[in-house]
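Take a look at the structure below.
The values are calculated or read from the model by the stated rules, or taken from the named source; none is laboratory data. Keep in mind it's a predicted model, so treat the numbers as computed, not measured. Reconstructed Cβ throughout: ideal geometry from the backbone, glycine too, with neighbour counts over all protein chains shown.
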Amino acid sequence: MKKKMLFIAFLAGFNCILVNAQVGNVGVNTVSPGSSLTVNGSFAATYRIVTASSAIGANDYYTAYNGTADGILTLPAAISGTGNFAGRTYHFKNTGGKTLTISAAGSELIDDQNVTGVGVPAITVPPGYYAFLVNKGTTAGTTWELVLVSSSNSMPSVNQAYLFSSAQQNAFKQTCIATTGSAWQKTEIKYNQGMEINTGNVLDVSSGRFKAPTDGYYMIYGSAQFDNSEISGQPGFTWCVLYLVKNFVTTPNNQLVQNFHTNPGIFASGIVSAVVHLNKDETVSMASAAQLNSGGAQYQVTATSIYGYKIAN
């Protein structure tokens, strides 16, 4: 230890900086270091830009990925005994336009606090995102802990975390078949006008169906306006109901939730929302049904919005 301190003092004198030590603490530009290492000044560590998949090494600290294709950066394998690097930290930033994957070595895992108690072999860092990891010192299982994944923007774009789709109509009115007998006539509501955000093309605006790209839990929300102001005679509604329906194309009566109105006049608004588990490729549609007090065969709906997004696996 004495030789090491003499060497540090020699380097300090050579570089015109002040290095002090007391009770095992080391200070740079301070005479009273209060921690094992106290630096009264700036701090620098390795900054590296990579453009292709590669391994992360002992000399890496902050790595920026700026590749033109998706890439994988692999963390170093755990070391047992001498050389164990518990507490080592790595910082990653995806500065390109492709997806970056941070992967643990071999069968090792990353603890991403996903409430399952089991780590994951890799994490995804979308474009514009930053990830911070620390080594746990373990040699099997979850050897790394994910401290933070965040975006450079205060408001991340909708496709960065979970698949999201939304459609909104402005003035288009969809003509629907009214119920005239005992069997209610349901009609899928479509979105062929207005704003559309459609990550992964999971919303079919021609049919009005939100299709799950993967198994998981989804939040679906929809709203619509029943409006007979342009139907001849402006008939009022005896009743009208707005639904969210699972797999409408095969089971149109598999309703998740409904919003019902009795004798609302010629106008009625409806809002429906539900959290639902969907298997891959299952769908949710917004649908309507109505009966007119004139016994007429048609009514109209102005769909204002629908959106869906994945909230959990």
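Note on region 238-256: among residues that are part of a loop (DSSP other than H, G, I, E, B) and β-branched (V, I, T), the one that is nearest to C176 (Cα to Cα) is V249.
So that you can scan it fast, the table gives a plain yes or no per residue for (1) over 21 Å from T139 (Cα atoms); (2) touching a residue at least 40 places away in the same chain (Cβ under 8 Å); (3) part of a loop (DSSP other than H, G, I, E, B):
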site	(1), (2), (3)
A69	yes, no, yes
T82	no, no, yes
F85	no, yes, yes
T101	yes, no, no
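Scanning region 286-296 for residues that are at pLDDT 95 or above and small (G, A, S), we see that the one that is farthest from T179 (Cα to Cα) is A287.
Going by the structure shown, is Y217 outside the structural domain of G106 (by TED's automatic domain parsing) and either modelled with pLDDT of 90 or more or over 30 Å from N66 (Cβ atoms) (or both)? Yes.
Okay, residues lined up against (1) in a strand (DSSP E or B); (2) among the polar types (S, T, N, Q):
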position	(1), (2)
Q258	yes, yes
V272	yes, no
V276	yes, no
K280	no, no
M286	yes, no
G295	no, no
Y299	yes, no
T304	yes, yes
Y309	yes, no
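Looking at region 272-282, can you tell me whether even one residue there is of a type in the set (K, R) and modelled with pLDDT under 95? Among the residues of region 272-282, at least one is of a type in the set (K, R) and modelled with pLDDT under 95, which makes the answer yes. The residues in region 65-86 that are more than 19 Å from N135 (Cα to Cα), aliphatic (A, V, I, L, M) and either surrounded by 13 or more Cβ atoms within 10 Å (Cβ to Cβ) or touching a helix residue (DSSP H, G or I) at 6+ places or on another chain (Cβ under 7 Å) (or both) can be counted, and the count is 0.
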